């Protein structure tokens, strides 16, 4: 009887409830969770932040500690209860039940090579395997997850791996003991879309090859649907629905699921759209052939990292300009140049006709009144010891604006404008949520009444709902104050909603600059197509991953190949691409792209 | 290759540091009051003789000339001769200026070479004692932040740090040597004489080691890779001994480097109390006798030792944590 049960279900969760003990008594995190998982099945668990997904993952991995506490329920693994038998659960950890988390960067000891740690882990859970066998297996699996030059990489340290490679190494770490169950907790979240798409593809392949059941926890519905056989929706600690992806999107049964689907921004279809401002023809900021290289010490002495290379674009007044690209493409270096935090090595950055890169320190400070920056990290960007009012008044003090009372009034006015309660004036930012913190950051930036706001991944730390609220706020502020925004982001769906013109960056270059619709419906660069093919969406894709998806990762910006920087990953590259770098040329109608595949007859150099 | 370039760069920087230290010490010594020739020749010597000796020794030349001459010697490994000490060991200070028994003056390098190994021995033993005392307490405290081992580590370090070393030296000498007769205290006639001063020094250093270790072990234990190691299937012992300790050893190593350099620079009070014939005692005597060449020599040797120890510390730290680029 038991045998047949374990044949059909690997994991069976029954009435699982978890609470978090706090000063106000226990708070319910999970309530009566019940589901079964069969061998070789992939089950996605989705829900917004705070729905209890991660607590569920950790409970199953026997990794919960105070203040979390299981109050009821059973977790049956092959018929035995993990919660009742702690020793049994400990014996399974890392061997039969493997866990991969969403933060590959800190998941391994930085002072030991990746290979040594893979071997250490395998031998910790399977002491009968010899060191040389373990090494052979680790290298074989590193090859299986397509880590280039696996034998050499085996001897490298975690910091020598990129984020995507590290996540693959962690998957190897989980699979090396041939577990029956893999718990994947938000594994694609920190990765770039093209790399995340590779990881998902890889996970499906591994699932069929190694017959591991996978519990795939994730906060994005499109990703969850892409990845799994069935999707389970979690809302406020309860399972509200479980269906196959097709049925779930076609006929959601629970109101929460319907709301989740309706809220999803779309790339190509008419979805909830936002007003995109009409671009004027008056440039407020012009970037002309800007370059920046940083010196680093590489393996063989000094080396130049070419972070930004000959970037050219105009931002028009009243516009929403988007800069997209994956990590390491030079977005943030460009941001530092645009805001005058650093000076370019070559080229000009004209703000209302004045060169920011050549301005004196004093003039730059005056200019900064006109363009302000809002950063990505809601926690690191605010001084924890200053009251909110003081944080807001500081820019006014620096620029010697108003007296004490006027500054105070101004700060309160701005607070109510961004939706922070003026009663918070005296409090410290410690108690604020991520969304409130970003509102405070926006308030601090706009208190000087600038004309240009540069948003560097301002919304990426926030969940879908909070993002939507802040975008509404940006829209309202733009209508009231006539701001121009530059959004620097890796999130194509966000950019699609709000930006009128978009620049796509790859390895320090702007490979395409085009109006919104043109970029999404008629992209002029294969890299843009690859980004679009990898973007998480439920829609029928205009660009199929099979045709456009990239293998591998970008080359290092230290030794750039001659010719087009994208040639090494481009599915359509030909000989000319490897010897000559295409210039950013007009394709008509304000669209520019740097690719030899575009017809050259109408092209004119800009 | 990497390591050679690193060594070349750091040794070059070190040479500059040693040069600057010498220049500073040299200048300062020349501007402080007190004429060394008067001390050498004795209070009864006539003024003209003092002037003559001073001129013969080049002490009336401009400072930069004296310094140039001195550094020229240093380059060739010649730290000069002591103003005061004769080569045969008898003291000259205060002797009559026309004393014919006065012999050749002692080489500074020889004086340092005789005493430095004694201080090195004392410093090494003190470090060993300090680590034996501090590592278990510090690691245990770091593994249970906020718990009683952590509080005990804090109380113990507060206690250790507030014991004045001269008092502790005397008390320990009284208890361990005089009452219990376990070990000798004063002077030096064998290795046993090092134990007591080393113990006093170890108790002085231990609080810093304990504090550094509790903080760094607690910090490492909060990191993601430690947290996740249990889920990956590693045992508690593997996590603590193979990963946590290795990662928290870099801050400790830096601290030990600084502490060791300070010990080598001469533990003045302790060597004085125990009459331990090391660099510290030599320094005290040199200062009291206005023995400029000796003071300079000790300063240069100490600065060089400091530079070398720091290079070694950085090399070991990179071997432990390869992220620390040279």
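The values are calculated or read from the model by the stated rules, or taken from the named source; none is laboratory data. Predicted model only: the values in this text are computed from it and were never measured. All Cβ positions, glycine included, derive from the backbone under ideal geometry; neighbour counts span all protein chains shown.
Observations
- Sole exception among (1) surrounded by fewer than 17 Cβ atoms within 10 Å (Cβ to Cβ); (2) within 14 Å of chain B (Cβ to nearest Cβ) for residue A:138, by number: (1)
- Note on segment B:1-37: residues that are closer than 17 Å to residue B:295 by Cβ and part of a helix (DSSP H, G or I) total 16.
- Residue list for segment A:36-64, restricted to those being closer than 22 Å to residue A:86 by Cβ and over 28 Å from the mean Cα position of the chain (by Cα): A:37
- Count of segment A:162-181 residues, restricted to those that are outside any helix (DSSP H, G or I) and within 12 Å of another protein chain (Cβ to nearest Cβ), is 3.
- So residue B:187, is it under 20 Å from the mean Cα position of the chain (by Cα) and in a loop (DSSP other than H, G, I, E, B): yes
- Which numbered condition residue B:218 misses (of (1) within 14 Å of another protein chain (Cβ to nearest Cβ); (2) modelled with pLDDT of 90 or more; (3) surrounded by fewer than 21 Cβ atoms within 10 Å (Cβ to Cβ)): (1)
- A count restricted to segment A:96-114 and to residues that are surrounded by fewer than 23 Cβ atoms within 10 Å (Cβ to Cβ) and under 24 Å from residue A:61 (Cα atoms) stands at 6.
- When segment A:83-118 is filtered for residues that are within 12 Å of another protein chain (Cβ to nearest Cβ), under 34 Å from the mean Cα position of the chain (by Cα) and in a helix (DSSP H, G or I), the ones remaining, listed by number, are A:89, A:90, A:92, A:104, A:105, A:106, A:114, A:116, A:117, A:118.
- So residue A:353, is it on the phi > 0 side of the Ramachandran plot and in the same structural domain as residue A:469 (by TED's automatic domain parsing): yes
- Some residue of segment A:62-78 being within 12 Å of residue A:176 (Cβ to Cβ), within 10 Å of another protein chain (Cβ to nearest Cβ) and either out of contact with any helix residue (DSSP H, G or I) (no Cβ under 6 Å at 6 or more places or on another chain) or in contact (Cβ under 8 Å) with a residue 24 or more places away in the chain (or both): no
- All positions within segment B:57-76 that are out of contact with any helix residue (DSSP H, G or I) (no Cβ under 7 Å at 6 or more places or on another chain) and modelled with pLDDT under 80: B:57
- Scanning segment A:321-335 for residues that are more than 28 Å from residue A:281 (Cβ to Cβ) and outside any loop (DSSP other than H, G, I, E, B) yields A:332, A:333.
- Failed criterion for residue A:158 (all others in (1) within 14 Å of chain B (Cβ to nearest Cβ); (2) free of Cβ contacts under 8 Å to residues at least 12 places away in the same chain; (3) touching a helix residue (DSSP H, G or I) at 6+ places or on another chain (Cβ under 7 Å) hold): (2)
- Which numbered condition residue A:527 misses (of (1) in the same structural domain as residue A:325 (by TED's automatic domain parsing); (2) free of Cβ contacts under 8 Å to residues at least 60 places away in the same chain; (3) surrounded by fewer than 20 Cβ atoms within 10 Å (Cβ to Cβ)): (3)
- Flag for residue B:205 being closer than 23 Å to residue B:158 by Cα and touching a residue at least 24 places away in the same chain (Cβ under 8 Å): yes
- Positions within segment A:327-344 being surrounded by 24 or more Cβ atoms within 10 Å (Cβ to Cβ) and in contact with a helix residue (DSSP H, G or I) (Cβ under 9 Å, 6 or more places away or on another chain), in sequence order: A:337, A:338, A:344
- Segment A:541-596, subset assigned to a helix (DSSP H, G or I) and crowded, with 20+ Cβ neighbours inside 10 Å, residue modelled with the highest pLDDT: A:577
- The selection criterion, being over 22 Å from residue A:116 (Cβ atoms), touching a residue at least 40 places away in the same chain (Cβ under 8 Å), buried (at least 20 other Cβ atoms within 10 Å of the Cβ) and within 14 Å of chain A (Cβ to nearest Cβ), does not hold for residue B:263.
- Residue count, segment A:212-228 (criterion: touching a helix residue (DSSP H, G or I) at 6+ places or on another chain (Cβ under 8 Å) and outside any strand (DSSP E or B)): 9
- Members of segment B:274-308 that are out of contact with any strand residue (DSSP E or B) (no Cβ under 7 Å at 6 or more places or on another chain), buried (at least 22 other Cβ atoms within 10 Å of the Cβ) and either more than 13 Å from residue B:112 (Cα to Cα) or not assigned by TED's automatic domain parsing to the domain that holds residue B:121 (or both): B:274, B:276
- Scanning segment B:222-242 for residues that are farther than 23 Å from residue A:182 by Cβ, within 7 Å of chain A (Cβ to nearest Cβ) and in a helix (DSSP H, G or I) gives no hits.
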